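Colleague: Below are the structure tokens for one structure; questions will follow.
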Amino acid sequence: MNHFGLFGKFITKEGERDALVDILLRAAQSMQDLEDCEIYTVHVSPEESNSVFVYEVWKDESAHQASLLLEATQELIQSAKPLIAGMERICTIKPIGGKGLTTPS
């Protein structure tokens, strides 16, 4: 399998981190029914009060790209935009295996 993974960082406007976390958790919930999304987790850091981190693992990169076109995803993106001051793709990774990942048969 050619899993596709990434770590992303959102920098929120002052005081908007919790609101963005709520939106991203709704996004995570919407991914429950997408078989191609294996992991979608939302994280915060005590040291960075305006940052939210997302870790995603997809069946492959095209599955990730397709998810961005879904109506539910687009609605969540539009509601999140006013809260975001900046974004950064920390890194793109190639997950190999472990708990939570499907492995080839």
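Colleague: Give me the angle, in degrees from 0 to 90, between the Cα long axis of helix 71-80 and the longest principal axis of the Cα atoms of the chain, rounded to the nearest 10.
Modeller: 30
Colleague: Moving on. In Å, what Kirkwood hydrodynamic radius results for the chain from the alpha-carbon pair distances?
Modeller: One decimal place: 14.3 Å for the Kirkwood radius.
Colleague: Please give, to one decimal in nm, the separation of the simple spin-label points placed at residue 49 and residue 66, each 7 Å out from Cα toward the Cβ.
Modeller: Once both label points are built, they end up 4.3 nm from each other.
Colleague: Next question, about the same structure. Round to a whole number: what % of the accessible area of the chain belongs to carbon and sulfur, probe 1.4 Å?
Modeller: 53
Colleague: Just need the relative contact order of the chain here, percent rounded to a whole number, with Cα pairs under 8 Å and 6+ apart.
Modeller: Relative contact order, the chain: 46 percent.
Colleague: Moving to a separate point now. Less than 9 Å Cβ to Cβ from residue 58, Lys/Arg counted +1 and Asp/Glu -1: what total charge do the surrounding residues give?
Modeller: -4
Colleague: Name all residues of region 1-35 having a backbone nitrogen under 15 Å from the label point set 7 Å from the Cα of residue 88 along its Cα→Cβ direction, giving them as ranges.
Modeller: Under 15 Å, as judged by backbone N against the label point of residue 88, lie 7-13 of region 1-35.
The values are calculated or read from the model by the stated rules, or taken from the named source; none is laboratory data. Because the structure is a prediction, the values reported are computed rather than measured. A quick note on method: Cβ atoms are made from the backbone with ideal geometry, for glycine too, and the neighbour counts reach across all protein chains shown. Side chains are part of the model used for accessible areas, which takes the heavy atoms of the whole protein and leaves out ligands, DNA and RNA. Shrake-Rupley method; radii C 1.70, N 1.55, O 1.52, S 1.80 Å.
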